[in-house]
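A.B. asks: I'd like to ask some things about the structure below.
The values are calculated or read from the model by the stated rules, or taken from the named source; none is laboratory data. Quantities reported herein were computed from a predicted structural model and do not represent experimental measurements. Cβ atoms come from the backbone with ideal geometry, glycine included; neighbour counts cover every protein chain shown.
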Amino acid sequence: MKNKILDLRAYFIAGPQDFPKLSIDDSVNKISVIIKSGVTVYQFRDKGTIYKNKNQRLEVAKRLQEVAQKAAVSFIANDDVELARELSADGIHVGQDDDSVSKIRELIGQEMWVGLSVSNDMELERAQKSGADYLGIGPIYPTNSKSDAAEPIGINHLRKMLEHNQLPTVGIGGITQSLLTELSETKLGGVAVISLLTEAENPEKVVKIIKQKIMQKD
């Protein structure tokens, strides 16, 4: 909720589909461990997950939200206004093909954060006056985590884009541990990662490195 500070430094995105070899229940346990590893934001993104029914999905989301609340981690719902409202989530994150930020704001009110994905100069320019609370910019590097990802922006173009940005922004797409140093030298307020943490043997150690590299920016 907006009465908290939104710390974007270590932004974790995942759902059961990111652990395809595990049952939904086991994947929730894995995600829970990562949420408790020191991340600052968790986005529930479960695209591609096949649930038994709508109730199972809601229960999974509730379980992960409870873990996030106990760990003082902001809980963001991906793309789903109905779910965000039902859970009283801290926020919702939407893409360019979803409803406009103003429309979503009408549905959820002023208490939740709204994040917006941008992938090029035009979208970034429009986003400045969209009413979004923060932006997700990317993919910065090639990524296999999203099948519908746009062309990678690249670090040099990212730097130029951020010169024209006034909003808190998290970078996403193909981020590995070895790339954190060059990302730390940009105006990003944080990094959003999926596989860097879902595939980590020691998520807590990786999160600590992210936080050391990415200093929170206003």
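A.B. asks: Can you tell me which residue within the stretch 180-217, out of those that are under 24 Å from Q166 (Cβ atoms) and acidic (D, E), is surrounded by the most Cβ atoms within 10 Å (Cβ to Cβ)?
C.D. replies: Restricting to residues being under 24 Å from Q166 (Cβ atoms) and acidic (D, E), the top hit is E182.
A.B. asks: Oh, and also: Name every residue in the stretch 135-171 that is at pLDDT below 95 and either part of a helix (DSSP H, G or I) or charged (D, E, K, R) (or both), in order of residue number.
C.D. replies: The answer is K146, D148, E151.
A.B. asks: Still on this structure, please answer the following. Whether any residue in the stretch 114-133 is surrounded by fewer than 18 Cβ atoms within 10 Å (Cβ to Cβ), of a type in the set (A, V, I, L, M), part of a helix (DSSP H, G or I) and at pLDDT below 95 is what I want to check.
C.D. replies: No - not one qualifying residue is present in the stretch 114-133.
A.B. asks: Same structure again: Is one or more of the residues making up the stretch 67-85 hydroxyl-bearing (S, T, Y) and within 21 Å of P139 (Cβ to Cβ)?
C.D. replies: no
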